[in-house]
Ligand SMILES: Cc1cc2nc3c(=O)[nH]c(=O)nc-3n(C[C@H](O)[C@H](O)[C@H](O)COP(=O)(O)OP(=O)(O)OC[C@H]3O[C@@H](n4cnc5c(N)ncnc54)[C@H](O)[C@@H]3O)c2cc1C
C-alpha cells in the first residue's frame with residue numbers, strides 16, 4: 001500500500017514540495033520492489049546474481065533521487081547535499097521511513113550521516129578533503145566509536161578510553177563496542193579522554209573526538225557482535241592498543257568532544273522519532289489492510305471489537321507520537337531551551353508507542369507478521385533497540401524530572417502551552 005501524502009496547511013510550500021516528491025519516489029520506485037532492493041532483509045538466500053541485481057536496482061533509485069534533487073538532505077549544498085533546514089528534514093523523514101531502508105537510497109546512512117555532519121561542523125579544511133569528501137562520494141565508510149563494555153554508555157563521564165599526547169601524536173588506548181558499521185569502516189571517530197602533560201591541549205580529562213583510520217597499527221576489530229539471535233553483525237567490538245595518529249586528527253578542540261556528541265544525538269533523536277512515526281504509519285496501514293481482508297470465524301477481522309481496539313489504540317499512539325515530535329522539532333527550530341525536555345519526553349514516548357503499534361500489527365497478521373515477507377519483525381526489533389540506544393529511557397526520564405523541578409524551584413510552573 002502506498003503512503004498517502006497530501007500538502008499540509010501548517011508548513012511552507014517548499015516543505016510540502018519535498019514531502020510530495022519524496023512520497024512519489026517512495027511509492028513508485030521503492031515500495032513496489034522492496035524485495036529486489038534489499039533481498040537480505042527478506043531472508044532470501046542471496047546469490048551473487050541477486051546481490052548484483054539489488055545493487056543495480058539501488059543505483060537506479062539513487063539516480064532518480066538525484067534527478068529529483070533529493071540527495072543527502074542532511075548535507076549543505078556545497079558538499080553535494082540538499083542543504084535542507086532542520087524542520088523540513090524532519091518532515092521528510094516520516095515519509096522516507098515508511099519504506100524500510102529508503103533513507104540509504106537518499107544518501108542518508110547512519111553512522112556515516114552523523115559523522116558527515118560532525119565533519120562539516122568541526123572539521124578543518126584538510127580533514128574535510130581527506131575524510132568528508134570521500135565519505136560523501138561513497139568511496140569511504142566510517143563508524144562512531146564511543147560506547148565501551150567496561151563503562152556505562154548512558155553516563156559519558158565514565159568513559160575510560162584515553163588519548164595521550166606524545167609529541168605530534170595522540171596515543172589511544174581503550175576498549176569500545178557497538179561501533180556500528182565497524183566491518184566496512186575506513187575510519188572511526190573515537191571519543192577519548194585527553195591526556196596532555198604539556199597542557200597545550202587544554203585540561204586533561206576533557207573529551208576529544210579523534211579520527212582514526214581503521215588500518216592503524218594497534219586497532220583491532222575483535223568481532224562483529226551477534227545481536228537478536230544473529231551470530232554476527234556490523235556492530236563491532238574494537239580494541240585500541242597504543243594506536244598512534246597525528247595530532248591534527250583531533251576533530252574540534254579538546255573539550256568539545258562531549259558537545260559534539262550531544263549535538264549529533266540531539267537533532268538525531270528528532271530524526272529517529274520521525275523515522276519511528278513513518279514506520280508506525282507503515283505498520284498501521286498494513287494492520288488496517290489485513291483487518292479489512294482477513295476472514296476469521298465467520299467474519300472479517302475489521303468487525304471484531306478486539307481488532308477495532310487495536311486500530312483505535314494504534315491511531316492514538318501514532319497521532320500523539322507525531323504531534324509530540326513535530327512540537328519538539330518546532331521548539332528546536334525556534335531555539336527554545338525547553339526543547340531539551342521535550343526531546344527527552346518523545347525519546348521515551350515514541351519508541352514505546354512504535355513498539356505497541358508494531359506489536360498489534362504483528363498480532364493482526366498472525367504468523368505472517370513475524371515472517372520475513374513483511375517488514376514488521378524488523379521494525380519490532382528496531383523499536384525495542386531504540387529504547388536503549390541514544391540514551392536509555394531512564395536517563396531521559398531523569399532529565400525531564402530535573403528540568404521540571406528546576407522551573408518550579410525558580411518559582412515558575414511549567415508552561416505546557418508554550
Ligand atoms: C544496535 C545498536 C547500535 C549501536 N551503535 C552504536 C555506535 O555506532 N556507536 C556507539 O558508540 N554506540 C553505539 N551503541 C551503543 C548505545 O549507544 C549504548 O548501548 C547506550 O548508550 C547505552 O549504554 P550501555 O549499553 O553502556 O548501557 P548502560 O549505560 O550500562 O545502561 C544500562 C541500563 O541502565 C539503566 N540506567 C542507566 N542510567 C540509569 C540511571 N541513572 N537510573 C536508572 N537506570 C539507569 C537503563 O535502563 C539502561 O538501559 C549501539 C547500541 C545498539 C544496541
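The values are calculated or read from the model by the stated rules, or taken from the named source; none is laboratory data. Because the structure is predicted, anything quoted here is derived from the model rather than measured. Cβ coordinates were reconstructed from backbone atoms using ideal geometry, including for glycine residues, and neighbour counts include every protein chain displayed.
Values for this structure:
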| read-out | value |
| --- | --- |
| Output for region 389-418, where each listed residue is in a helix (DSSP H, G or I) and away from the ligand (no atom under 12 Å from the Cβ) | 400, 403, 404, 405, 406, 407, 408, 409 |
| Residue list for region 294-305, restricted to those being within 14 Å of residue 361 (Cβ to Cβ) and exposed (fewer than 11 other Cβ atoms within 10 Å of the Cβ) | none |
| Considering residues of region 167-177 that are surrounded by fewer than 21 Cβ atoms within 10 Å (Cβ to Cβ) and touching a residue at least 40 places away in the same chain (Cβ under 8 Å) only, the residue farthest from the ligand (Cβ to nearest atom) | 168 |
| Qualifying position, being assigned to a helix (DSSP H, G or I), loosely packed, with under 15 Cβ neighbours inside 10 Å and in contact (Cβ under 8 Å) with a residue 40 or more places away in the chain, among 126, 94, 78 | 126 |
| Region 360-388 residues that are within 12 Å of the ligand (Cβ to nearest atom), paired with ones that are assigned to a loop (DSSP other than H, G, I, E, B) (beta carbon under 7 Å, 6 or more apart) | 381/228 |
| Any chance residue 153 is outside the structural domain of residue 391 (by TED's automatic domain parsing), within 15 Å of the ligand (Cβ to nearest atom), over 22 Å from residue 119 (Cβ atoms) and modelled with pLDDT under 95 | yes |
| Count - residues of region 55-69 that are assigned to a loop (DSSP other than H, G, I, E, B) and in contact with a helix residue (DSSP H, G or I) (Cβ under 6 Å, 6 or more places away or on another chain) | 1 |
| Residue within region 102-114 that is in a strand (DSSP E or B) and touching a strand residue (DSSP E or B) at 6+ places or on another chain (Cβ under 6 Å) present | no |
| Residues of region 186-230 that turn out to be within 15 Å of the ligand (Cβ to nearest atom), farther than 22 Å from residue 135 by Cα and in a loop (DSSP other than H, G, I, E, B), as a count | 6 |
| Residue 249, sole failed condition from (1) surrounded by 15 or more Cβ atoms within 10 Å (Cβ to Cβ); (2) more than 15 Å from residue 172 (Cβ to Cβ) | (2) |
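Here's the yes/no breakdown for (1) assigned by TED's automatic domain parsing to the domain that holds residue 196; (2) buried (at least 19 other Cβ atoms within 10 Å of the Cβ); (3) within 16 Å of the ligand (Cβ to nearest atom); (4) part of a helix (DSSP H, G or I):
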{"site": "87", "(1), (2), (3), (4)": "no, no, no, yes"}
{"site": "118", "(1), (2), (3), (4)": "no, yes, yes, yes"}
{"site": "133", "(1), (2), (3), (4)": "no, no, no, yes"}
{"site": "136", "(1), (2), (3), (4)": "no, yes, no, yes"}
